[in-house]
Amino acid sequence: MQTTLDDYEVIETIGTGSYGTCKKIRRRRDGLILVWKEMDYGMMTETEKQMLVSEVNLLRELKSPYIVRYYDRIIDRTNTTIFIIMEYCKGGDLATLINKCKKEGSYLDENFIWKILIQVTLALKECHERKNGKAVLHRDLKPANVFLDTDKNVKLGDFGLARVLHHETSFANTYVGTPFYMSPELVNNMSYNEKSDVWSMGCMMYELSALRPPFVASNQAELNRKIRSGDFARIPLHFSDDLNTIQNKMLQVDVSKRPSITELLAEPLVASRLPMVE
Ligand SMILES: CN(C)CCCNS(=O)(=O)c1cccc(Nc2nc(OCC3CCCCC3)c3[nH]cnc3n2)c1
């Protein structure tokens, strides 16, 4: 049954992302709290609209406890706006959490960091090992795209939407933020692949420990040089050698030496921390 905007009541605006506005909403029939992301497709070409439709269709197929659940979509033709309705993550995003730690001068607990690593890896496994063989790459893995639910479990968000943004007409294509998480293969203009998501996850895990990205520079050229060199400081000394070891594996400059998601899950340091399969 086709839902309409009237089936929901807007509670508040959570924030504005690169593709549009995210609002906290309540489903009238049962009071369920959700979010919707509003995206104006008015400026999109036919091809881009087709891409948007296929991205949204991919979203609805991704079912993992560690990926933000897609619920529905509403198309408002009068305002050329699509509303993508998803699960609300009460715990907010990791970027906000990192900023809070920096402000308070505190580090995140190592067990929490391992939990994030395991759950993000399982979320990426769901995408990279898609049933019908067509892997979905995240392409925009970063703390601002990883949310937490009430039990502080990971909810990977904004899948695929990143790809829609790379269409010419969207303002999102403009230079938003420094690409600290750019992989060496992207810096060398090679193609983005599943292991590029592993690199970004390595950068994100590093930032959760050190509260700063592994490679920082004041301009793109300097950043590219550092990324290509693969030189980065060890995570703070109070973190275990185990965490440091797994960190270094994800930040392998040489793609052939960098583990895939499947290989990462087979690493003893990771395998020993996987949740029991119920
Ligand atoms: C811009 N930042 C300062 C963040 C401000 C806002 N804080 S916050 O840390 O994201 C935050 C606070 C409380 C609840 C939630 N829950 C939530 N947020 C989503 O997206 C946030 C949105 C993403 C694009 C950019 C704007 C914000 C979700 N997407 C699917 N489920 C979602 N659940 C998020």
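Derivation of every value follows stated rules applied to the coordinates shown; laboratory data play no part. All values derive from a computational prediction rather than experimental measurement. Methodologically, a virtual Cβ is constructed for each residue, glycine included, from the backbone with ideal geometry; neighbour enumeration extends over all protein chains shown.
Cross-link check: pairs Lys23/Lys125; Lys125/Lys195; Lys90/Lys134; Lys63/Lys155; Lys24/Lys125 evaluated at a Cα-Cα cut-off of 22 Å; pairs beyond the cut-off: Lys23/Lys125; Lys90/Lys134; Lys24/Lys125.
Each Lys and Arg adds +1 at its Cβ and each Asp and Glu adds -1 at its Cβ; summed about the Cα centre, the chain shows a dipole of about 120 debye. For Lys102, a cut-off of 19 angstrom between C-alpha atoms picks up these aspartates and glutamates, skipping any fewer than 8 places away in its own chain: Asp93, Glu110, Glu207. The C-alpha atoms of the chain define a longest principal axis, and helix 220-229 lies at about 50 degrees to it. Which values of log₁₀ I(q)/I(0), to two decimal places, follow from the Debye formula for the range 1-61 at q = 0.12, 0.21, 0.23 Å⁻¹ with a uniform point scatterer at every Cα? Evaluating at q = 0.12, 0.21, 0.23 Å⁻¹ gives log10 I(q)/I(0) of -0.38, -1.01, -1.09. The Cα trace of the range 1-112 gives Rg and Dmax of 16.5, 50 Å, the first to one decimal, the second as a whole number.
Report summary: the helix-based calculation at 222 nm, which adds -39500 (n - 2.57) for every DSSP H run with n ≥ 4 and divides by the residues of the chain, gives -11000 deg cm²/dmol. Put the Cα centre of the range 61-132 next to the Cα centre of the range 1-30 and the gap is 17 Å. Taking every alpha-carbon pair within the chain, the share separated by more than 26 Å comes to 44 percent. With unit charges on the beta carbons (Lys and Arg positive, Asp and Glu negative) and the dipole taken about the Cα centre of the chain, which residue among Asn99, Pro259, Ile75 sits farthest to the positive side? In the chain, that residue is Asn99.
Peptide packing for 46-52, 260-266, 10-16 was compared via the average number of neighbouring C-beta atoms within 10 Å per residue; ordered from the highest value, the list is 260-266, 46-52, 10-16. Farthest toward the positive end of the dipole of the chain, out of Pro213, Ile235, Met190, is the Cα of Ile235, where the dipole comes from beta carbon charges about the Cα centre.
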